Structures are given as structure tokens and as C-alpha cells.
There are 2 protein chains.
Amino acid sequence: MKCSRCKAPAQVALPSHHGGFCPDCFQGFFARQVERAIHKHRMFTKDDKVLVALSGGKDSLALFLELVRQGYDVTGLHIDLGIPGSSGPARAKVEGFCERVGGTLRVVEMEGEGLPIPLVRDKVRRPICSMCGKIKRYFFNKVALDEGYSALCTGHNLDDEVGRLFANTLRWDVSYLSDQGPLLPAAGGFASKCRPLYRLTEFETAAYCFFNGIDHHVSACPYSKGASFTVRKELMNLLERNSPGSKRAFYEGFLKQGRPAFAAVEKEEGRTLEPCQRCGYPTSAEICGVCRVREMLE
Amino acid sequence: MKCSRCKAPAQVALPSHHGGFCPDCFQGFFARQVERAIHKHRMFTKDDKVLVALSGGKDSLALFLELVRQGYDVTGLHIDLGIPGSSGPARAKVEGFCERVGGTLRVVEMEGEGLPIPLVRDKVRRPICSMCGKIKRYFFNKVALDEGYSALCTGHNLDDEVGRLFANTLRWDVSYLSDQGPLLPAAGGFASKCRPLYRLTEFETAAYCFFNGIDHHVSACPYSKGASFTVRKELMNLLERNSPGSKRAFYEGFLKQGRPAFAAVEKEEGRTLEPCQRCGYPTSAEICGVCRVREMLE
């Protein structure tokens with residue numbers, strides 16, 4: 001196969017785009033997809049201070065590098081979860097990467113916040129993955145708001161988005177379906193949340209990391225099992241193989257036709273959020289989830 | 001495994017119901033699912049004249065037998081499509097079956113209506129499966145209305161419904177999503193449409209046919225290919241195997257949470273139907289699809 005752009009030998013085949021690219025043209029393709037995502041949804045501009053959550057995995061590092069290259073004013077945010085044997089290596093990858101690309105990095109340690117994940121796992125009798133996710137999102141939002149960032153970016157790719165959309169759709173969870181998307185504008189104590197990689201697949205961000213020699217953290221978290229999520233991703237991959245472009249059509253169709261229907265219902269029936277009586281960040285209860293975890297650890 | 005009801009050896013395993021049944025108790029289970037569907041959605045009562053579309057396949061014959069057994073006033077309707085080598089054997093199965101169970105049968109011949117499917121296939125440059133479906137539904141509705149039936153039943157099972165729902169959801173087709181369901185009440189020139197088998201899977205209706213010795217038409221239509229539909233059904237089967245009950249939860253959740261959201265949008269933006277200027281049956285154009293086919297054949 002030849003590159004769809006320059007006719008050099010192609011190295012990445014993209015059936016859903018009916019073509020393939022050589023490494024250089026692939027990087028151009030990747031850049032255009034990110035650019036289009038940012039512009040189409042008016043995520044942020046070059047005047048904005050942008051915070052990028054960096055787990056150390058391929059997606060977040062690829063996103064950070066691409067935003068640096070496009071000239072955005074980005075700062076990385078890494079949450080050190082304090083999980084033995086896992087958080088150390090992940091943090092080291094993030095620090096090494098930021099040094100290499102000359103990016104500013106902010107690290108928040110859960111140990112220092114009194115919320116190391118191993119302790120949460122021992123003391124709180126709820127699924128650790130959902131608790132850990134809640135804690136991470138809380139600090140993403142807190143740092144973004146406290147330190148005056150106008151946008152908070154995460155490295156969710158098309159496969160993440162489609163897997164989550166499929167899961168939410170199987171349950172017809174109107175509350176989640178009403179606001180899933182590449183941009184959740186700032187509102188009621190929440191920073192604006194952006195997913196500039198939503199047009200790119202997991203394979204595409206992996207290829208980008210490969211071509212740019214990004215040394216990312218690969219091991220799965222020792223606490224996660226993630227079986228059902230994997231099955232749903234696999235189903236979407238089968239569908240995509242059978243009919244290239246299905247994933248993207250499903251997601252784009254949702255944004256255009258599905259989400260507005262759910263948003264209308266949610267507007268009528270949805271819950272309202274109030275500031276947490278402890279920390280002041282938004283919650284649907286009196287005390288937010290993270291402050292309740294703190295209580296349980298005391 | 002033992003029967004969940006009577007402890008005799010089970011012959012049908014139903015993982016999504018966490019159990020299994022012997023042949024006798026399975027028939028009781030099947031009957032209760034049909035009864036529940038009819039009552040829950042107020043499809044029809046024993047005072048109603050009910051028309052059941054009989055293709056000759058397992059689902060429609062199983063439905064007809066069960067409705068006869070439950071004492072409903074049912075008449076079978078078979079559309080003889082006029083496809084050589086296929087329509088003859090299908091019609092013979094339907095006629096033999098109705099004779100055996102003592103059911104009234106009404107046959108409409110597409111040849112006699114000037115619409116034999118082989119001719120439609122030759123003269124109309126559109127996918128034959130969708131044209132054939134359109135023609136069949138037209139005559140189901142016409143017979144039901146012209147001859148005073150209060151309900152029109154089809155043998156769609158849970159797998160059919162879930163496959164169609166999945167397809168409509170992948171496309172986020174608001175118009176189809178706003179009214180898919182086990183009951184579409186009579187309105188604007190359409191007879192009430194009922195799907196009393198929507199709680200039963202394809203395997204369950206096949207088992208019912210087997211236990212009742214129903215001799216049904218098995219061969220696929222020589223004109224159909226049906227590849228993509230098969231892939232989507234297979235995906236749903238993988239999901240079901242991974243987590244029994246997923247299909248039903250997806251469908252029931254849609255009826256409860258999904259459909260109302262789409263129905264609200266459709267009510268605001270949907271198309272209105274008017275009587276066809278030729279035949280008087282409802283259409284969104286001036287001339288309905290079947291009358292347009294007639295024109296093309298002239």
C-alpha cells in the first residue's frame with residue numbers, strides 16, 4: 001500500500017479513512033484530527049491556559065506532545081496515586097517525558113492529601129476503580145479551578161468514548177447520555193472538560209507514540225480487572241472490522257441525534273448540583289464523594 | 001440440571017432466567033411470557049378479532065398456536081410472494097399447519113395483486129428486501145383495516161427486536177427509535193401492531209416449535225443476503241453469552257428510558273402522514289411506496 005498523501009510506502013493502514021499513511025503524513029493526519037476536534041467544539045484557543053491530565057499512558061502523553069507542537073499553553077497534571085509498584089514507574093515516565101519535551105508539570109500526591117489509593121481500597125467497601133476515578137476527577141477539577149486554567153484536557157480516544165457510549169446505551173442511562181461528548185463546558189463549579197483525541201482510535205495514538213518515540217507506562221493497574229469493559233470494546237472492534245467507520249459513525253450520530261434527545265429529558269428531570277458543605281466543590285449530595293471517603297479514612 | 005419448576009430433568013437451559021425447564025414446564029413458561037406481553041401492553045383481549053401474519057417460519061407459527069391455545073379469536077394471514085421455489089413450500093407449510101390446528105387462514109397472492117416479487121425485483125431498481133418488506137406490511141395493514149381486525153400481530157421475537165434496536169441505535173435514527181416497541185397503537189390509517197413474542201428469544205420459539213412438532217419453513221429467501229443484520233445479531237449474542245440477560249435489559253431499558261426521549265423529539269420534529277392519493281392508505285409522500293411500485297411495473 002502507498003501513502004494516500006505522498007505515495008511513499010504506507011506504514012499505517014486506516015480502513016475507516018479508505019487509505020493509509022507513511023509515518024510523516026500520518027503525523028500530519030493526527031495533527032489535523034486534533035486541530036479539527038479543538039476548533040469544531042471550540043474547546044480552547046492559544047490564549048487559554050490549558051491543563052492536561054497525564055496518567056503516563058500513551059493517550060495522555062500523545063495528546064500533551066501534540067498540543068505542545070501546535071503551540072498551546074499547556075501544563076501537565078499528574079496524580080500520584082501511591083500504589084506500590086505501579087504509581088512510581090508511571091510518575092517516572094511522566095516526569096521523563098515532560099523533561100524531554102520541555103513541558104511544565106504539576107504533580108499532586110494522594111499520599112500528601114491523606115488519600116493514598118491502597119488505604120482507600122482497604123477502608124472503603126466500594127469498587128476501588130470507581131473510587132479512584134472519582135478521586136482523580138476531583139483533583140483534576142480542583143487544580144484546574146484553583147489555579148485558573150480555562151480548560152482541562154484528558155486523553156480519551158475514540159475507542160474510550162465509543163466503549164463508554166455503548167455501555168451507557170446498553171443501560172439507557174439518560175443522565176450519562178445527556179452529557180457525554182468531546183466537550184463539557186464549564187458550569188456550576190466544574191472546569192471545562194475537553195477530549196481532543198476523540199476523533200483518533202487507540203491504534204492511532206499508539207502509532208503516534210511509536211513514531212515519536214514516546215516512552216509510556218504500559219502495565220495495567222494492579223487493582224483493576226476491567227473484564228466487562230474489555231468485552232464491550234471487543235464487540236465494537238468486531239463491528240468496526242466488519243464495517244470500517246462504524247465506531248465513528250455511531251459516536252458522531254450520537255452527538256448529532258442522540259445526545260440532544262437525552263439532554264432535553266435531563267433538563268426537565270435532572271438532578272441539580274450544590275457546593276459540598278465541606279470542600280465547596282459541586283456534589284448532588286450534601287457532602288461530596290471525596291469528603292465522604294476522607295471521613296471513612298479518619 | 002433439573003427443571004426449575006417440577007425438578008424433572010431439564011431439557012431447556014435459560015441462563016438469563018437463571019434456570020431451566022422440562023418440556024412441559026417450558027410450555028408453561030412460554031405461555032406466561034406471551035400472556036404477560038399481551039397484558040402489560042394491553043395489546044388485545046378475547047373480544048377482539050386478531051390477525052396474525054404467518055410467513056411459514058417458526059416464530060409466526062409458534063405465535064399463532066399459542067394464541068389459539070389461549071383462546072384468542074385469531075385469523076392467519078399469509079402473503080404469497082410468488083417467488084419460484086420458495087413461496088410455494090412456505091405457503092404449503094402455513095396451510096398444513098392451519099389445517100392441523102384448526103385455524104382460519106386468509107391468503108393474499110401478490111401475483112393476483114399484480115405485484116409478484118420476482119417482477120418487482122426485475123423492474124424496480126431498489127434493494128428487493130426493503131421493497132418486499134414494504135409490500136408485505138402494506139397488505140398486512142390493508143387486510144387488517146379493510147376486514148375489521150382490531151390488532152395485527154407479527155412473530156418478532158426478542159432477538160429480532162434487539163437486532164433492530166441495535167441497528168437503529170448505531171445510526172441514532174430518531175424516527176425509528178421513537179416508535180419501536182412491542183405495541184404500536186392504531187393511528188392515522190394504521191392498524192394496531194402487536195409483537196406478543198418480544199419477551200422470548202429465537203431459541204425459545206425454536207424450542208416451542210420442536211416440542212409441539214410444528215413443521216415450519218426453514219430455508220432462507222433466495223433473494224436475501226442479510227449479512228450485516230447477521231453480524232449485529234451475532235454481536236448481541238456474544239454480549240448475552242458474556243452476561244446473560246443483557247439483551248432483555250437493553251430492550252426493556254430502551255422502552256422505559258430511551259424511547260420516551262426520542263418520542264418527545266419526534267413529536268416536535270416528526271413528519272406527518274397523509275392518505276395516499278391513489279389507494280388512501282397513509283404515506284409521507286403524495287403517492288405511497290406500493291402505488292409507486294405499481295406505476296413502475298405498468
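Provide, as a two-decimal number, the C-alpha radius of gyration of region B:98-148 over 2.2 N^0.38 Å, N being how many residues it has. The partial results should precede the final answer.
On the way: Rg = 13.5 Å, N = 51, 2.2 N^0.38 = 9.8 Å.
Relative to the 2.2 N^0.38 Å estimate, region B:98-148 comes out at 1.37.
Residue B:203 label point, 7 Å along Cα→Cβ, cut-off 20 Å on backbone N: hits in region A:231-253?
Answer for region A:231-253: A:231-232, A:235.
Please report the buried accessible area for the interface of A with B, total over both chains, probe 1.4 Å, in Å² to the nearest 100.
On the way: alone 15130 and 15110 Å², together 28330 Å².
Looking at A and B, the buried total is near 1900 Å².
Which of rounded, prolate, oblate describes chain A, given a ≥ b ≥ c as roots of the alpha-carbon gyration tensor eigenvalues and a/c under 1.5 marking rounded, otherwise prolate only if a/b is larger than b/c? Walk me through the numbers on the way to the answer.
Numbers: a/c = 1.61, a/b = 1.32, b/c = 1.22.
Here chain A falls in the prolate category.
At 7 Å along the Cα-to-beta-carbon direction for both residue B:16 and residue B:219, put a label point, then send me their distance in nm to one decimal.
Once both label points are built, they end up 3.1 nm from each other.
Using only the alpha-carbon atoms, how far is helix A:259-269 inclined from the longest principal axis of chain A? Give it as 0 to 90 degrees, nearest 10.
Rounded to the nearest ten degrees, it is 10.
Give me the number: length gained by fully extending residue B:95 to residue B:256, i.e. 0.36 nm times residue separation minus the C-alpha to C-alpha distance, one decimal in nm. List each step's numbers first, then the result.
Details: separation 161, 0.36 × 161 = 57.96 nm, distance 3.89 nm.
Here the segment from residue B:95 to residue B:256 would lengthen by 54.1 nm.
If one computes the Cα centroid of region A:71-110 and of region B:46-67, what distance in Å separates the two points?
That distance is 65 Å.
Tell me the label-point distance for the pair residue A:176, residue B:167, using the 7 Å Cα-to-Cβ offset, in nm and rounded to one decimal.
So the label points at residue A:176 and residue B:167 sit 2.7 nm apart.
Using protein chains only and a probe of 1.4 angstrom, how many square angstrom of residue A:201 are accessible, to the nearest 10?
30 Å²
Quick check on region B:18-59: take the gyration tensor over C-alpha atoms, sort the square-rooted eigenvalues as a ≥ b ≥ c, and tell me if it's rounded (a/c under 1.5), prolate or oblate. Show your work: numbers first, answer last.
Values: a/c = 2.65, a/b = 1.46, b/c = 1.82.
Taking the square roots of the gyration eigenvalues as a ≥ b ≥ c, region B:18-59 is oblate.
Roll a 1.4 Å probe over the protein heavy atoms and report the accessible area of residue A:284 in Å², nearest 10.
The accessible area of residue A:284 comes to roughly 70 Å².
Would you list A:156, B:217 from the most to the least accessible area, probe 1.4 Å? Don't jump to the answer; show the numbers that get you there.
Working: A:156 55, B:217 35 Å².
Result of the area sort, largest leading: A:156, B:217.
Calculate how steeply helix B:227-242 sits against the longest principal axis of the alpha-carbon atoms of chain B, using the helix alpha-carbon long axis, and give the answer as 0 to 90 degrees to the nearest 10.
The helix B:227-242 is inclined about 20 degrees to chain B.
Out of all DSSP beta bridges with both ends in chain B, state the antiparallel percent to the nearest 5. Spell out each step's value before the answer.
Details: 9 of 25 bridges.
About 35 percent, rounded to the nearest 5.
Given the alpha-carbon gyration tensor of region B:130-209, what are the semi-axes of its equivalent ellipsoid in whole angstrom, ordered largest first, with each equal to the square root of 5 times an eigenvalue?
Values: eigenvalues 95, 65, 28 Å².
The answer is 22, 18, 12 Å, longest axis first.
Over all distinct Cα pairs, what is the inverse of the mean 1/r for the protein assembly as shown, reported as the Kirkwood hydrodynamic radius in Å?
That comes to 27.8 Å for the protein assembly as shown.
Using a simple spin-label model with points 7 Å from Cα along the Cα→Cβ vector, what separation in nm is obtained for residue B:263 and residue A:295?
Between residue B:263 and residue A:295, the label points sit 4.0 nm apart.
Roughly how big is region B:28-184's charge dipole about its Cα centre, with Cβ charges of +1 (Lys, Arg) and -1 (Asp, Glu), in debye to the nearest 20? Don't jump to the answer; show the numbers that get you there.
Values: 22 positive and 20 negative charges, 68 e Å.
In total the dipole reaches around 320 debye.
As an exercise, use a Förster radius of 41 Å and the Cβ-Cβ distance of residue B:147 and residue A:271 to find the FRET efficiency, rounded to the nearest 0.05. Kindly include the intermediate steps, with their values, before the conclusion.
Numbers: r = 51 Å, r/R0 = 1.25.
Using R0 = 41 Å, I get an efficiency of 0.20.
For chain B, what is the mean residue ellipticity at 222 nm derived from helices alone (per DSSP H run of n ≥ 4: -39500 (n - 2.57); sum divided by total residues; nearest 500 deg cm²/dmol)? Display every interim value, and only then the final one.
Details: 12 runs with 142 residues, N = 298.
So the calculated ellipticity at 222 nm is -14500 deg cm²/dmol.
Rounded, prolate or oblate, given the Cα gyration tensor of region A:116-177, with a/c below 1.5 counting as rounded?
On the way: a/c = 2.21, a/b = 1.11, b/c = 1.99.
Note, shape of region A:116-177 comes out oblate.
How far is residue A:171 from the same spot in each other copy, in nm, shortest first, if each label point sits 7 Å from Cα toward Cβ?
2.9
Going by accessible area, probe 1.4 Å, with all protein chains left in place, what is the ranking of B:197, B:145, largest first?
Numbers: B:197 0, B:145 75 Å².
I get B:145, B:197, largest accessible area first.
One decimal, nm, shortest first: give the distances between the label point of residue A:36 and those of the same position in the other copies, each label point 7 Å from Cα along Cα→Cβ.
Copy-to-copy label distances for residue A:36: 4.7 nm.
Rank these by accessible area, largest first, 1.4 Å probe: A:179, A:59.
Working: A:179 70, A:59 25 Å².
From most exposed to least exposed: A:179, A:59.
Along the Cα-to-Cβ line of residue B:134, 7 Å from the Cα, sits a label point; which residues in region B:263-298 have backbone N less than 13 Å from it?
Backbone N within reach: B:283-297.
Can you give me the relative contact order of chain A as a percent, contacts being Cα pairs under 8 Å and 6 or more apart?
20 percent
Ignoring everything but the protein chains, give the 1.4 Å probe accessible area of residue B:272 in square angstrom, nearest 10.
100 Å²
The values are calculated or read from the model by the stated rules, or taken from the named source; none is laboratory data. All figures in this text were calculated on a predicted structure; none of them were measured in a lab. Note: ideal-geometry Cβ built from the backbone for every residue, glycine included; neighbour counts use all protein chains shown. With ligands, DNA and RNA removed, areas are computed over all heavy atoms of the protein, side chains included. Shrake-Rupley method; radii C 1.70, N 1.55, O 1.52, S 1.80 Å.
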